[in-house]
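Below is one structure, written out as structure tokens; the observations come after it.
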Amino acid sequence: MNERDESEDTGDGESSEESAHELRISKIRNGTVIDHIAGGHAPDVLAILGIDSATDEVVSVGMNVPSDRLGYKDVVKIEGRELSQDEVEVISLVAPAASINIIREYDVIEKNRVERPSTVEGVLSCPNRNCITTADEPVATRFEVLDDGVRCLYCGTIIRRRLTDHIDV
Amino acid sequence: MTHDHVISAKSLSRADIETVLDRAAEIDRSPPDRDRHADDLLALCFFEPSTRTHMSFETAIKRLGGDALDMGPVESSSATKGESLADTVRVVEGYADALVLRHPSEGAAQMASEFVDIPLINAGDGAGQHPTQTLLDLYTMREAAGDLADLTVGIMGDLKYGRTVHSLAYALTKFDARQHFVSPESLSLPRSVRYDLHESGARLKEHTDLDAVIEELDVLYVTRIQRERFPDENEYRQIAGEYRIDAATLEDAREECVVMHPLPRVDEIAPDVDATQHAHYFEQAHNAVPVRMALLDLLLSEDDR
Ligand SMILES: [Zn+2]
């Protein structure tokens, strides 16, 4: 199954008509495709992955692509990078319907829907400047996932909005 | 006790709390043998000064027959050479049977507890938790009111930064108390604390004026409004003045209403309250010793079971 086929044959309710429109985004050889991001949220996913103007990875972004399931969806394709579990878990918070496809030699070798975890580790930083996780200690941040935000498991601070303002870079 | 570490009042169950309070009452009635914990050493790691908490832990372990190992003032500790807290507690773990930690950063005790196997007691982490203060507060309420069930408690003062207040509120929720929070708007409960309390089904109301609730209260818990919370001296004076009580304020209170304060007080409770039957804050301060003895006794006896 190549990457083109994968978007036609997702078995999750997307029509082949949609994928015909989707070809606007180029294929990648090795790397990751993050599909079914709710329309407009690709920049959040990029922020979580630390992709900005200084990035030298080949990244393609499709925004507001028509989708049966989501109405409009965003797609992010990154050449030469496979995501860590921690990154995938934080992505699930801003793109709960996303699927993560790992591509090798143009083939989808693994395809996973993101799942909302009960906690996320690393990636986010605690906005409380007096939190022990912001000191020079050998611990990663850990946040409990709430219905409408996350809470620092060390100091209790809750982040409700704009999670992507709190990416640990 | 189901927990080896005592990090927050939130993480103590009602049964845990009752176990500690029952043991404290036993200790109050008949002090344990002076050699009960003769071989036990308690490390006191205070990264910020807190003389009373320090003294009461030291008294508690010594009255149990054990001894205290003091890290000393933070200026002379390895932390000034840039050692991490995680390293410090791992070193101290090798010296002692239990560790008391006071630290200026929120979450410090939780983090430190992840690096040690000996029981770690949080004696205050920044604006975070201070569970042993809560235990002695609850013990004082229980001794004064007879029972923690069905209490109506008013908590007044700095509810935003006052960590004793947050710990106490979590614990009172486990006893299904009615809680009235009285504070200026700018010092009301932080969002995360309010969220937690609602999540755990707390019966709470917030007020800006004590008059609205004083008649209902079984307990009035007063905390200090600190000067440094206000940018402006005049604003501080005006607001702090509205949250002061004196004997006249308490004329509207129930006869058995118990007035508490974590001390030190400045002028939020007028001296004329001291002579009334309401004043329980010195008893509260004294209760620090039997309650910390009870906690240490339970934690240090766990290995023997
Ligand atoms: Zn934090």
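The values are calculated or read from the model by the stated rules, or taken from the named source; none is laboratory data. These numbers were taken from a predicted model, which means no experiment stands behind them. We place every Cβ from the backbone using ideal geometry, glycine too, and count neighbours over all the protein chains shown. Ligands, DNA and RNA are stripped out before the accessible areas are found, and what is left, the full protein with its side chains, is counted by its heavy atoms. Shrake-Rupley method; radii C 1.70, N 1.55, O 1.52, S 1.80 Å.
Here are a few things to note about the model shown:
- Considering the range B:94-103, and only residues there that are open to solvent by 10 Å² or more (accessible area, probe 1.4 Å) and closer than 11 Å to B:N122 by Cα, the residue that is nearest to the other protein chains (Cβ to nearest Cβ) turns out to be B:H103.
- Only listed residue being in contact (Cβ under 8 Å) with a residue 24 or more places away in the chain, surrounded by 12 or more Cβ atoms within 10 Å (Cβ to Cβ) and within 13 Å of another protein chain (Cβ to nearest Cβ), chosen from A:T119, A:T133, A:T141: A:T141
- In summary, strands (runs of 3 or more DSSP E) completely within the range A:66-169 and bearing 3 or more residues that are of a type outside the set (D, E, K, R) and within 16 Å of the ligand (Cβ to nearest atom) occur at A:142-146, A:149-152.
- Flag for A:R104 being in contact with a Pro (Cβ under 8 Å, 6 or more places away or on another chain), of a type outside the set (A, V, I, L, M, F, W, C) and more than 10 Å from chain B (Cβ to nearest Cβ): no
- Odd one out for A:R142 among (1) touching a Ser or Thr at 6+ places or on another chain (Cβ under 7 Å); (2) at pLDDT below 95: (2)
- When restricted to residues that are open to solvent by 20 Å² or more (accessible area, probe 1.4 Å) and more than 7 Å from chain A (Cβ to nearest Cβ), the range B:104-113 contains 1.
- Enumeration of residues in the range A:155-164 that are open to solvent by 20 Å² or more (accessible area, probe 1.4 Å) and either within 11 Å of chain B (Cβ to nearest Cβ) or within 15 Å of the chain's Cα centre (by Cα) (or both): A:C155, A:T157, A:R160, A:R162, A:L163, A:T164
- Only residues that are surrounded by 15 or more Cβ atoms within 10 Å (Cβ to Cβ) and either over 29 Å from B:A38 (Cβ atoms) or of a type outside the set (A, V, I, L, M) (or both) were counted in the range B:51-69, giving 11.
- The criterion of at least 1 residues that are open to solvent by 70 Å² or more (accessible area, probe 1.4 Å) is met by the following helices (runs of 4 or more DSSP H) wholly inside the range B:196-305: B:233-242, B:281-286.
- Conditions (1) touching a strand residue (DSSP E or B) at 6+ places or on another chain (Cβ under 8 Å); (2) open to solvent by less than 10 Å² (accessible area, probe 1.4 Å); number of the one not met by B:A24: (1)
- Applying the set (1) closer than 22 Å to B:D218 by Cα; (2) of a type in the set (A, V, I, L, M, F, W, C); (3) away from chain A (no Cβ under 14 Å) to B:L187 leaves exactly one unmet item: (1).
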